[in-house]
Structure formats: C-alpha cells, structure tokens
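Here the structure is laid out as structure tokens; the discussion comes afterwards.
No value in this document is a laboratory result; all are computed from the given coordinates. None of the values given here were measured: they were computed from a predicted structure. Reconstructed Cβ throughout: ideal geometry from the backbone, glycine too, with neighbour counts over all protein chains shown.
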2 protein chains.
Amino acid sequence: MEYKEYIEKFFNQGHKHYLSHISIDCVVFGFHENELKVLLLNMKNLNSWVLPGGFILKDEEMETAVKRILTERTGLTDIFLHQFQTFGGLSRSSFTVPELFFKNLQIKKDSWMFDRFISVGYYALVEYSKVKPIPDILSEKCEWFNVHDLPELAHDHRHIFDEAWQSLRFWINHYPIGYNLLPEKFTMPDLQKLYETILDRKLDRRNFQRKMLATGILNRLNEVKPGVAHKAPYLYTFNIAAYEKTLKTGFGFAL
Amino acid sequence: MEYKEYIEKFFNQGHKHYLSHISIDCVVFGFHENELKVLLLNMKNLNSWVLPGGFILKDEEMETAVKRILTERTGLTDIFLHQFQTFGGLSRSSFTVPELFFKNLQIKKDSWMFDRFISVGYYALVEYSKVKPIPDILSEKCEWFNVHDLPELAHDHRHIFDEAWQSLRFWINHYPIGYNLLPEKFTMPDLQKLYETILDRKLDRRNFQRKMLATGILNRLNEVKPGVAHKAPYLYTFNIAAYEKTLKTGFGFAL
DNA sequence: TCAAAAGTGTTCCCACTACACCCATGG
DNA sequence: CCATGGGTGTAGTGGGAACACTTTTGA
C-alpha cells in the first residue's frame, strides 16, 4: 500500500528533509467566466477543505519551495507569486485531526507534523484555463471555488484567505495585474471584469479604459474578438517590457 | 562565568525552548535631531553589527516574541510593530562565525543555532528619547545609527534594513505615522521633518500642514513651543481616537 | 530693526468623475 | 432593424502643487 507507506514516512521521517516548524500556505487565484476562483484541497478521510501548502526542504530557497508546491498542484511553472503575510499565532495548530485519520497507520506521537507551525502566506495569480488541479497525497480532491462561495476551511485558513484577498485588492491599486490571470489576448471588457471581480465593485467603463491605456502597459492589436454578438471589442496583449517596469515602480492611481 | 554558561546552554539546549529554523529580525526606527535612526547591536568578539533579533518560544505568539525581544533591547513596552517581509534565502546562513568565537566554549557541532533559519522581519517605531539601548548577552554594544551612515551589517541584514525602510516609506503614504516616533507634544515643523526624513525628500511646508490638518488626527494646543528663536510654532498632540481609526482604514493621499 | 521661521490664503492645473453619443453586429 | 454592447469625447469638480504675504520674536 503505497499511500500508507508514504504517509508514515512523511510523518515519521519528514523532519529529516524539511525545515520543522515552518509551513507555506498558498492562496491561488484564478479568473473564469467573470468569477474570481480559489484553489482548495479536500483532505482524505477528513472531508475538510484547506489551502494548498507544504514545507521547505532544508537546502531549498523558500520561494523555490512555493513554486515547487504550486507546480505540483497546478501543473504550471512560472507562476506569479506575492508573499503577503506570515502567520504565527499559537492557536493555528497545524494538524489536529481525529484519531480516525490514523487508523491503520503507525505514526509516532512526537511526529514533527504535530508541532507548532509558523506559516508563510503567498498568493498566486494563475491563468485558470491552463491549470490542471492535482490533489496531493493527503487529499482526494483539488478544486476551484468561487471566492463568494467558499466551503468552511480548516485551521485558520479562512483568515489566511481573507488577508490574501485584501492584500490583492490593495496591490492592484499600485501595481499592474492581469498578465498572469488572463489569456494572452484579451479584451478591455475582460480586463475590467477582472478588476471589478477582485475589487468587488462596478467601475466606469470609459474611465477604466482611459486609465488603463494611460499606463502604457497595453498593446491594442489590429484584431477584434471573433464570434461575439454586437460590436466586437478589440483584442489586447500586455506590453511586457512596460508591464515589468511598472511592476517594479508601481503607478499612483486608485480605482 | 555566567556568560560561558549561558552561551553553552543557549547553543546546546535552546532548541528545547525555542522554535528551530525560525528567527525574528527587527528594524527599530527612532527619530532624533532631525535624523532617522536605527538600533544596531555589536556582536561580542566579532565586531560585526547586526539587527536586533531573537527566537520564538514554543508556547509563545509570534508577535509576543517580537515585543519581548524589543522590550529587552529598548526597555519600552507597547511598541508599534509592522511585519513587513519574511526572508527565506538559502544564503542567509544565520550564524557562520569564526572559530575564534568559540574559544573556551563547549558547543555541539550540531547545535540548532547552526541550522538554517527563515527570518520574519518586523520594523518598529519608537520614541528615541525613551529608549535605553540594552545589549543582549551575545553583544557588547547597542547603539543608534543614522540611516544614512550605517556600518557594514552581517548576514543579509543590510538587505533586511533596506526592505524595512522601503516598506516604511510606502506605509506612510497610506497610514498615519508619528505617534510612536515623536514626543507627546510636538510642532508641525517637527512632524514635517519626520516625514521628510523618512521619505528622504523635501516637502512643501504649507501643503503639508493643510493635508495633515485635513486628516483630523491632530489636536492643536493653546500653547506654543517655548524657548525658540523667531516665531514660536504651535504645539500639537495626536487625536488618539482618530489616529487609531485611520490606522485601520487608511487615508488616500500621497505626499 | 531685521533676519529667520511660522501661520495662512489663492491660483492653477491635472486627474478623476459623471455623463451622452455614435458605431458595429447578430438575431 | 433594433437591441445590445463597445468605442470615444466632454464638461464639471475636487484635491494637490506652486507660490506670496503677513506675523512673531530673538539677536
């Protein structure tokens, strides 16, 4: 039984490979059908939902660990990451689970997994359509949820999610966004929907367009979106050079 | 020899009391004679300067640990704290020191202190005049430095400092500042100097005053600063209720 | 009495807001 | 041919930037 063996090794030997007391929790945002989505895992035997997360190998950069974890869950490489907060509460016990979980498993009572964890929170922005959600060994499901319709989350993960979303809302007032959330070609209404969804409020169509064009991070293509009713909107791509530059310097406007 | 005993116990037994692999580094800002200052420690026998820092007890909230550490270094309680970033680089080896340091000490080669550390960065804002800098057991000096004239810092502490200052500069565009950096009564020029020092640029005297008064976080007293040449400026205090409220909501202007 | 510092008010301008009109397309 | 959605222009406004004059006081 591969699962049993893996779990036992992970609980009983994991501290030899991973930094103890430190975990990573990720809030993975995607955008699909005008909805902001978050990737969640369902723990085996527990029926509880959690954020994707993991641990740092002893000889691994922290950010490399985050990318490794997210690549395992999404199949993507080159993911936009933002470290938004580190959670150090005492009450955020990492792994209190019913005995049920351990039926048939031989796990030491002093496993590193039962220790207290400080968790570094990252949010990630990914292109929904490219993600193939993959459960980890402890989970049986890995699914997208609308941010307005999340299930109950275990531990302090609801709090972590709230902080991530708030941080994202703050961020988009100062730095460009979208390159990692939209397909390569997109329309101005697409981009606006993305902003409206993240900010959770309506924006003026005309002012939005003017501001966005003023940033200089967009290229308007000589194409319009095919196969749509009514007037077809232009397609845009991001001007990567300008986009990257603005990611460093930021811009000043607020939506 | 108390020192020897303490150090040996700390290196050889510390992992029983503290979370391993996790440290805290603090950038303590003070304001004095129109200069922005930072508190640094000089390590015994090493003559290298470092940021004040420490570790988290196993049953201690992370923020409590930070406060404990800073109370030990400054004598202050109730310090303004802001967690600005967590550093997880591989190269930031926590404690690589010359053998010299360990002369006469019996320290195990596998001490937890030689492990790799992830460090949570906080900056603190304190009232310079109230601080009594106190070295820790590993240090022989604890001193203020002008931010423009820092000595070379060990490990990645220069990088941590740079990130802290940058974060502080960003912060003051969105949230009030000064309550923790200025004496209870201060003048508008004092407050402006503080802003100018943190932002590292000149601000217009008249526009600054108008904006500050517009925030509603200041009380003008019916007193002027005594014993100054030329026209005496009014004294102000912070309106704590409004200040605290704005700390939560933020304000929108940029300087 | 004068230099230096502080208090206050005014103008200008830009950027954000709130709107209205025209255009293109598929049903 | 018309309803729907997308592209563009404009007038109004509020806040920030730039700036000048007056007031106070010690040297």
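First obtain the Kirkwood hydrodynamic radius of region B:188-249 from its Cα pairs, then insert it into the Stokes-Einstein equation at 20 °C and 1.002 mPa s, and state the resulting D in µm² per second as a whole number. Please list the in-between numbers first.
Details: Rh = 12.8 Å.
After rounding, the answer is 167 µm²/s.
Please build a GNM for chain A, connecting alpha carbons under 10 Å apart, and tell me which residue among A:Ile177, A:Ile240, A:Ile24 fluctuates the most.
Answer for the Gaussian network model of chain A: A:Ile240.
Taking the Cβ of A:Tyr234 as the center, what net charge do the other residues with Cβ under 13 Å away carry, scoring Lys and Arg +1 and Asp and Glu -1?
Values: positive: A:Lys185, A:Arg220, A:Lys225, A:Lys231; negative: A:Asp190, A:Glu223.
Here the charged neighbours net out to +2.
Which cross-chain or sequence-distant (5 or more) residues have an amide H under 5 Å from the amide H of A:Phe87, H modelled 1.01 Å from N in plane?
Placed amide hydrogens put A:Ser119, A:Val120, A:Gly121 under 5 Å from A:Phe87.
Taking Cα atoms, how many degrees apart are the long axis of helix B:62-74 and the longest axis of chain B, rounded to 10 and kept between 0 and 90?
80
Excluding residues fewer than 8 places away in the same chain, name every one of the aspartates and glutamates whose C-alpha is closer than 15 Å to that of A:Lys16.
Cα-Cα hits under 15 Å: A:Glu8, A:Asp59, A:Glu60, A:Asp110, A:Asp115, B:Asp110, B:Asp115.
When the helices in chain A are scored as -39500 (n - 2.57) per DSSP H run of 4 or longer and the sum is shared across all residues, what 222 nm value do you end up with, to the nearest 500 deg cm²/dmol? Let's see the in-between values first.
Details: 6 runs with 73 residues, N = 255.
Computed ellipticity for chain A at 222 nm equals -9000 deg cm²/dmol.
Can you give the relative contact order of region B:2-157 as a percent, counting alpha carbon pairs under 8 Å and 6+ residues apart?
38
Computed FRET efficiency, Cβ-Cβ of B:Ile107 and B:Arg158, R0 35 Å: what is it to the nearest 0.05? Don't skip to the answer; put the middle values down first.
On the way: r = 27 Å, r/R0 = 0.78.
Computed FRET efficiency for B:Ile107 and B:Arg158 comes out at 0.80.
Mind scanning B:Lys37/B:Lys141; A:Lys37/A:Lys109; A:Lys141/A:Lys245 and naming the pairs with a C-alpha gap bigger than 27 Å? Mind showing how you got there, number by number?
On the way: B:Lys37/B:Lys141 16 Å; A:Lys37/A:Lys109 37 Å; A:Lys141/A:Lys245 38 Å.
Cα-Cα > 27 Å for A:Lys37/A:Lys109; A:Lys141/A:Lys245; rest within.
If each label sits 7 angstrom from Cα along the C-beta direction, how far apart, in nm, is B:Tyr195 from its counterparts in the other copies?
Here B:Tyr195 shows inter-copy label distances of 2.8 nm.
Taking the Cα centre of the protein assembly as shown as origin and charging only Cβ (+1 Lys, Arg; -1 Asp, Glu), how large is the dipole, in debye to the nearest 20? Before the final figure, lay out the partial values.
Values: 64 positive and 62 negative charges, 289 e Å.
Dipole of the protein assembly as shown, to the nearest 20 debye: 1380 debye.
For B:Glu143 and B:Phe251, what does the FRET efficiency come to when R0 = 25 Å and r is the distance between their Cβ atoms, rounded to the nearest 0.05? If you can, show how the numbers build up before the last one.
Numbers: r = 35 Å, r/R0 = 1.39.
My answer for the efficiency is 0.10.
Read phi for every residue in region A:22-31 and hand back ³J(HN,Hα) as whole Hz from Karplus 6.51 cos²θ - 1.76 cosθ + 1.60, θ = phi - 60°, with x for Gly and Pro.
With the stated coefficients, region A:22-31 comes to 10, 10, 10, 10, 10, 10, 9, 9, x, 10 Hz.
Counting every Cα pair in chain B, what percent are over 27 Å apart? Don't skip to the answer; put the middle values down first.
Values: 13540 of 32385 pairs.
The answer is 42 percent, as a whole percent.
With 20 Å bins from zero, work out the P(r) of the protein assembly as shown over every alpha carbon pair and list the percent per bin.
Here the calculated profile for the protein assembly as shown is 19, 48, 30, 4, 0.
Once you have the Cα-Cα distance between B:Ser91 and B:Val224, take 0.36 nm times their residue separation minus that, and quote the gain in nm to one decimal.
Details: separation 133, 0.36 × 133 = 47.88 nm, distance 5.30 nm.
Length difference between fully extended and current span is 42.6 nm.
Scattering from the C-alpha atoms of region B:11-124 alone, worked out with Debye: what is log10 I(q)/I(0) at q = 0.14, 0.15, 0.20 1/Å?
Reported log10 I(q)/I(0), two decimals: -0.65, -0.74, -1.24.
Dipole of chain B, Cα-centred, from +1 at each Lys and Arg C-beta and -1 at each Asp and Glu C-beta, to the nearest 20 debye?
On the way: 32 positive and 31 negative charges, 148 e Å.
Dipole magnitude for chain B comes out near 720 debye.
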